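Take a look at the structure below.
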Amino acid sequence: MSDSFSWWGVLSAVGVLTGLGITFGALLGMASARFKGEENPLVEKIDALLPQTQCGQCGYPGCRPYAEAINQGDAINKCPPGGEATILALADMLGRDPAPLDGEAASEDTVAYIREAECIGCTKCIQACPVDAIIGAAKQMHTVIEDECTGCDLCVAPCPVDCIDMLPRRKPLTQWEPIVSDRQPLRSAHAGL
Amino acid sequence: MPAYEFPGGIYPPERKERSNQAPLRPAPLPSEVTLPMSQHTGKAAWPCVNVGDTVKTGTLVARRDGMVSANVHASISGTVIEITDSVIIIQGDGEDRWATLPPLDWRTTERDALLERLDDSGLIGLGGAGFPAYIKAQVNEHHAIDTLVVDAAECEPYITADDLTLRHYAADVLEGAQLLARLCGAAHIIVGIEDNKPEAIQALQALLTVIADSEPLASVTLKIIETRYPSGGERQLIKKLLNREVPSGGLPADIGVLCHNPGTLLAGLQAVRDGLPLVARVVTLTGDAITQPGNYWVRVGTSVDALLAQVGVDDEQLHQVVVGGPMMGTPLTSLDTPVTKTTNCLIAATKEELPPAPAEAPCIRCGACESVCPAQLLPQQLHWYARAENDAALEAHHLFDCIECGACSYVCPSAIPLVQDYRSSKQRIRYKRIETAKAEHAKHRFEFRQARLAREEAEKKARRQARLAQQQSASSDAKGTQAVPVADLRSLRIAQTAAKAAVRKAEKVLARAAAQDPQQRHDDLETQLATAQENLKAAEARLAEARAASEQKEAP
């Protein structure tokens, strides 16, 4: 029995296994550093479904914080700008039950408009804007960049002279939407050919 | 040369004989024109005249806005009486005084000057889509073009505008083709024409023998094809003439072909040779309710109502007016609409001629639509998905390869308005894409703002810490009584390195995008880079603050 036992055999086995362990450990370590994933892919996915108005009506300072809160288990029905479509999309992705919207859905797409003659240049709206869509400086007239405005309302409350209105957003001419009820005419155009 | 086949297609009654008997005539000069700012693909033009200005025929009244857009010119001489967001209205003085550009010789003039002329004259594709011609002529900067296809198939029933254009101006159309071929670097010109236009074919054949002797810049071939709808579709015609297939989601330029309508070529030549901006076009006026059907040179902006009255229309018989052909056109809801650069045909139809559609019945899965689809799509599947608003499935079934030719709705025994469904689905998906892009943009701007605020905060803290350290070293008796929270230097250094890596990554992504598409603006990527830079500055400020704090702690 003692003849068949050799230190050399044991040591070589230990050596080979240790070597393999070190090699694969290093490989895995490198791979995890090289192909590092995003911090929390689910938060990213939830964030992508939110309308990104950054309006804070959900009680969180922006869409991303709300996405994080949803991930932690907060309700999915707190986003009025997104409305029912967002709730359904979130419910679908997270496998939760859709709930009725908490609050009132936005009736139309709006954009902030500053009545420039009345603006006193206090910069309060500029500080409130979550997407830097208002330009101006202290004691200078401010104005809203229409294309950047998300219609979040956050600039309306801080204005001391109440010179900001939320107006319906203008639709560009190219944004053609078909009238749903006109199903007949086109067909009639060549029905009798 | 043999003709190849494209899949599907239908044989609707042609009804072209009604409008192709009379010669091409000029329509009477309108007393007032309404010029829409958006007659082309892309952004609307921007008015550059004021109310009350006197204009001549050909005076520039609206300038193009951005790359994909086209100039608009006054189509009669007179006074500008109204300018709104979407139209300019000109009251004519009946004199038709012209303001033309200096004539150029396209053979000797530089390429850039010719392109500028096409741009200045507001030339767009007159076949229907209305894509600005000067951009199309520059396409060879990105793709090598070997063949210019003259799309004279004119496969839609009723329309004969290209037919009459070729009968009267065959030489000019072919010269215009040489001009465009020179601009895009094509060595061959192929004219594709359906066999139901014998006079036009004759005119072209007579010319070809003359041209072959004169050593033209590009060789010209005439190819007569079978009459089948929709052989005039760009992709279908290219398949038929050259046996090349335009890839899904691609353009003919991807396979080295450029397609132009004869009307566009004629207008292009007139813009260069005669200096005439695009202010008039050939319009087919046809239909049973019209007493003098035919093709007319119509000034852009003429009201449909006035135009029909001038050629004589039977108001009692008139049931509807369709703009474009009966297959792809749209019925007008109001006759107070101007003729635009892309209006090729007006059908004033009686009720017997184009009767209202029967009520829609459920799909019986007969598969007739599938066999006639020239784009080899599955109209039936698209129909279910469109009704269910299943946008992901629609895109997976290549909805955007649908050319909206209407062959499927034409053969549908259940009278389902299939194309209408596809059109509204396309529109809905496009709208969704715009919304998603907008949300993405707002998100980046929000992130940038957050990063900037964090950076400002960190810098403020760092400055405060530095001041504190200075004060303490000055008064050495102070023994660091204040408990300064010393952040973990190591984790801050890691954060700084990560922020640096993020900046490098954002720079790389932006550089790659810019190299791929130098024409485009990459606002979102630039914002992302700026956000990463802000984050880096914040990390550096935090690190500096922690260093100052730790030095201060060690010092006493």
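The values are calculated or read from the model by the stated rules, or taken from the named source; none is laboratory data. All values reported here derive from a predicted model rather than from experimental measurement. Neighbour counts are summed over all protein chains in view; Cβ atoms, including those assigned to glycine, are modelled from backbone coordinates with ideal geometry. Ligands, DNA and RNA are stripped out before the accessible areas are found, and what is left, the full protein with its side chains, is counted by its heavy atoms. Shrake-Rupley method; radii C 1.70, N 1.55, O 1.52, S 1.80 Å.
If you go through segment B:384-396 one residue at a time, do you hit one that is open to solvent by 10 Å² or more (accessible area, probe 1.4 Å), closer than 28 Å to B:Thr286 by Cα and more than 12 Å from chain A (Cβ to nearest Cβ)? No, there is no match, as no residue in segment B:384-396 is open to solvent by 10 Å² or more (accessible area, probe 1.4 Å), closer than 28 Å to B:Thr286 by Cα and more than 12 Å from chain A (Cβ to nearest Cβ). Here is a check on your reading of the model: is B:Gln310 surrounded by fewer than 16 Cβ atoms within 10 Å (Cβ to Cβ), polar (S, T, N, Q), more than 14 Å from chain A (Cβ to nearest Cβ) and over 28 Å from the mean Cα position of the chain (by Cα)? In short, no. Going by the conditions given, is A:Ala99 assigned to a loop (DSSP other than H, G, I, E, B) and either under 20 Å from A:Arg64 (Cα atoms) or modelled with pLDDT under 90 (or both)? For A:Ala99, the condition - assigned to a loop (DSSP other than H, G, I, E, B) and either under 20 Å from A:Arg64 (Cα atoms) or modelled with pLDDT under 90 (or both) - is met. For segment A:126-159, filtering for residues that are part of a loop (DSSP other than H, G, I, E, B) and under 25 Å from A:Gly59 (Cβ atoms) leaves 17. Please determine, by comparing only the residues of segment B:171-186 that are assigned to a helix (DSSP H, G or I) and open to solvent by 10 Å² or more (accessible area, probe 1.4 Å), which one is nearest to B:Leu207 (Cα to Cα). Filtering first and then ranking leaves B:Ala171. If you check A:Gln54 against the conditions, is it at positive phi, at pLDDT 85 or above and not aliphatic (A, V, I, L, M)? Taking the combined requirement at face value, the residue satisfies it. Confirm whether B:Gln450 is more than 30 Å from A:Ile46 (Cα to Cα) and either crowded, with 18+ Cβ neighbours inside 10 Å or more than 14 Å from chain A (Cβ to nearest Cβ) (or both). No; evaluated as a whole, the condition is false for this residue.
Of the residues in segment A:51-65, at least one is part of a helix (DSSP H, G or I), open to solvent by less than 40 Å² (accessible area, probe 1.4 Å) and over 16 Å from B:Thr436 (Cα atoms).
Residues considered: A:Ile114, A:Ile126, A:Ile145, A:Ile134. Of these, the only one that is within 14 Å of another protein chain (Cβ to nearest Cβ), in contact with a helix residue (DSSP H, G or I) (Cβ under 8 Å, 6 or more places away or on another chain) and under 19 Å from A:Cys163 (Cβ atoms) is A:Ile134. Selection of first residues in segment B:426-440 that are assigned by TED's automatic domain parsing to the domain that holds B:Phe400 and of second residues that are assigned to a helix (DSSP H, G or I), restricted to Cβ pairs under 6 Å at least 6 apart or on distinct chains, gives the following pairs, ordered by first then second residue: B:Ile429/B:Asp391. Count of segment B:67-89 residues, restricted to those that are open to solvent by 40 Å² or more (accessible area, probe 1.4 Å), assigned to a loop (DSSP other than H, G, I, E, B) and of a type outside the set (Val, Ile, Thr), is 3. Close contacts from segment B:176-192, counting a first residue that is in the same structural domain as B:Gln202 (by TED's automatic domain parsing) and a second that is open to solvent by 10 Å² or more (accessible area, probe 1.4 Å) and small (Gly, Ala, Ser), with Cβ to Cβ under 6 Å and a gap of 6+ residues or different chains, come to B:His188/B:Ser219. Looking only at residues of segment B:325-352 that are under 12 Å from B:Thr286 (Cβ atoms) and within 21 Å of the chain's Cα centre (by Cα), we find that the one that is nearest to the other protein chains (Cβ to nearest Cβ) is B:Gly329.
For B:Asp314, the requirement of being touching a residue at least 12 places away in the same chain (Cβ under 8 Å), closer than 22 Å to B:Glu17 by Cβ and among the acidic types (Asp, Glu) is met.
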